[in-house]
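Chemist: The structure that follows is given in the form of structure tokens.
Values quoted throughout were computed directly from the atomic coordinates according to the rules given, and no laboratory measurement underlies them. The model shown is predicted, which means the values in this text are computed figures rather than measured ones. Using ideal geometry, Cβ is built from the backbone for each residue, glycine included, and neighbour counts are taken over all protein chains shown.
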Amino acid sequence: MEDFLGPCIVVGARGMLGQDLCAALREAGTQTVEMDIPEMDITSLSSVVGVLGKIKPKLVINVAALTDVDGCESQQEQAFRVNATGPENLAMAASNLGSFLVHISTDYVFDGSKNRPYTEDDLPNPLGTYGKSKLEGELGIKRVLTTNYCIIRTQWLYGANGKNFVDTIIGAGKTNKALEIVNDQFGSPTYTVDLSAGIIKLCSIGANGIFHVTNSGYTTWSGFASKIFKLAGLDDVEIQNIDTRRLGRPAPRPLYSVLDNSRFTRLTGMKLPNWEDALGKYLSGRTV
Ligand SMILES: NC(=O)c1ccc[n+]([C@@H]2O[C@H](COP(=O)([O-])OP(=O)(O)OC[C@H]3O[C@@H](n4cnc5c(N)ncnc54)[C@H](OP(=O)(O)O)[C@@H]3O)[C@@H](O)[C@H]2O)c1
């Protein structure tokens, strides 16, 4: 069978999404080269050009980023180097080689004031450094490439290979009888295995432009925690709802950042599973 996707290079391959994506690509029979820091540092154009020049990939998938949203506020320069300069460097190298670039972005490019699901045509207005640097990454790609790129915005990720809300909340629920959880942020929890399938689908058809891809349905962090406790047999943990301001985190967060997946579904005929089913699947294969 012809390999439509390979040779492919995944950048940020040792991260939470990267590991599930690489596994899915391997399963699809795609020749995949896994890259991460230190073998390849996306903040350095010479590093990117050197590695890509040797491999000459048909497809470059960038899942590398500085993802610590609060940490980005105290490391603004590094956030912009990794999340903005990095993708632009990849775009320049991909452009020279004629490779297709897929890049993962975030709901944090929006300010969360729309109160209805965001489409790809809605105007971004990021609130904090993470969102601003990720938006700059999108714009950098679009400055370099007019075609041959796909930007996939997603949100609220969890997966087996990274620090995530599901595992953290189960750990907290085992040692606390009551927990304060934010109930005024709305989003779609998204399982990295399901997202990987969506990414591969978009790659396989060479989809160009921006796409919103998440598990279906939405909830609040409190609603998410409640479902996690139910499925993990921790129903006795009391959830005390609080608002975002009360938490006093360094980075501002969009309150309503649900992403409308219609464009993705129209083009691919695919809809990612409901977030509750996805969570059940994740927990059934997990010992936490
Ligand atoms: N997690 C979420 O909830 C979420 C939500 C929306 C969008 N996203 C986006 O989804 C993508 C994947 O997120 P994730 O949660 O899987 O992230 P992650 O687990 O933090 O993985 C990111 C990977 O990138 C690597 N990296 C950092 N700086 C690099 C550099 N200069 N050059 C090369 N690699 C570098 C990291 O290495 P080190 O660990 O050594 O730094 C890590 O292996 C990111 O683009 C993120 O912005 C994530």
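Chemist: Relative contact order for the range 177-264: what is it in percent, counting Cα pairs under 8 Å that are at least 6 residues apart?
Modeler: Across the range 177-264, relative contact order equals 53 percent.
Chemist: Using the eigenvalues of the Cα gyration tensor, what equivalent ellipsoid semi-axes result for the range 165-226 when each is taken as the square root of five times the eigenvalue, whole Å, largest first?
Modeler: 32, 13, 7
Chemist: Taking only Cα atoms and a 10 Å spring cutoff, compute GNM fluctuations for the chain and point out the largest among Glu180, Glu88, Glu138.
Modeler: In the Gaussian network model the winner is Glu180.
Chemist: Considering the Cα positions of the range 139-288, please state its Rg to one decimal place and its Dmax as a whole number of Å.
Modeler: Rg and Dmax of the range 139-288, Cα atoms, are 17.0, 53 Å.
Chemist: What percent do you get for the relative contact order of the range 18-129 when only Cα pairs under 8 Å and 6+ apart count?
Modeler: Worked out over the range 18-129, it gives 27 percent.
Chemist: Once you place label points 7 Å from the Cα toward the Cβ at Asn148 and Asn125, how far apart are they in nm?
Modeler: Here the answer is 3.6 nm between the modelled labels.
Chemist: Another question, if that's okay. Which residues in the range 48-86 place their backbone N less than 18 Å from a point set 7 Å from the Cα of Arg26 along the Cα-to-Cβ direction?
Modeler: 61, 63
Chemist: Within the set of other residues whose C-beta is less than 15 Å from the C-beta of Tyr130, count the net charge using Lys and Arg as +1 and Asp and Glu as -1.
Modeler: -2
Chemist: To the nearest 10 degrees, how steeply does helix 275-284 sit against the main Cα axis of the chain, on a 0 to 90 scale?
Modeler: 90 degrees
Chemist: Bins of 5 Å, beginning at zero and ending with the bin holding the largest distance: percent of Cα pairs per bin for the chain, please.
Modeler: 1, 6, 12, 16, 19, 18, 13, 8, 4, 2, 1, 0
Chemist: Another question, then. Once the convex hull of the alpha carbons of the range 98-154 is built, what does its volume come to per residue, in cubic angstrom?
Modeler: 78 Å³
Chemist: Ok, one more. May I ask for the angle, rounded to the nearest 10°, between helix 165-175 and the longest principal axis of the chain, with both axes built from Cα atoms and the value confined to 0 to 90°?
Modeler: 30 degrees
Chemist: Here's another thing I want to ask about it. Using every alpha carbon pair in the range 184-260, what percent of pairs falls into each 5 Å bin from 0 up to the bin containing the largest distance?
Modeler: 3, 13, 17, 18, 17, 14, 9, 5, 3, 0
Chemist: Ranking Cys203, Cys8 by Cβ neighbours within 10 Å, fewest first, what do you get?
Modeler: Cys203, Cys8
Chemist: Something else: Using only Cα atoms and rounding to the nearest 10 degrees, what angle (0 to 90) does helix 192-204 make with the longest principal axis of the chain?
Modeler: 30 degrees
Chemist: Here is a further query. Excluding Glu180 itself, what net charge comes from residues whose Cβ is under 15 Å from its Cβ, given Lys and Arg +1 and Asp and Glu -1?
Modeler: Result for the neighbourhood of Glu180: +1.
Chemist: Sticking with this structure for a sec: Could you work out the equivalent-ellipsoid semi-axes for the range 58-152, taking the square root of 5 times each eigenvalue of the Cα gyration tensor, largest first, in whole Å?
Modeler: They are 23, 17, 9 Å, listed largest first.
Chemist: A further question follows. Kindly provide the helix-only [θ] at 222 nm of the chain, computed as the sum of -39,500 (n - 2.57) over DSSP H runs of four or more divided by all residues, to the nearest 500 deg cm²/dmol?
Modeler: Counting only the DSSP helices, I get -12000 deg cm²/dmol.
Chemist: In nanometres, what is the gap between the two model label sites at Arg246 and Ser262, each 7 Å from Cα along Cα-to-Cβ?
Modeler: 3.6 nm
Chemist: Seen from all sides and averaged, what is the projected area of the convex hull of the Cα atoms in the range 1-131, in nm²?
Modeler: 9.2 nm²
Chemist: Which of Tyr118, Tyr191, Tyr149 moves most in a GNM of the chain, Cα contacts under 10 Å?
Modeler: Tyr118
Chemist: In debye to the nearest 20, how big a dipole does the chain give about its Cα centre with +1 on each Lys and Arg Cβ and -1 on each Asp and Glu Cβ?
Modeler: Computed charge dipole of the chain: roughly 240 debye.
Chemist: How much net charge surrounds Asp107 when only other residues with a Cβ under 10 Å from its Cβ are counted (Lys, Arg +1; Asp, Glu -1)?
Modeler: That works out to +3.
Chemist: Normalised by the number of residues in the chain, what is the relative contact order in percent for Cα pairs under 8 Å and 6+ residues apart?
Modeler: Dividing the mean separation by the residue count of the chain yields 21 percent.
Chemist: Could you state the principal axis extents of the C-alpha atoms in the range 73-207, from the largest down, to the nearest angstrom?
Modeler: 57, 31, 30
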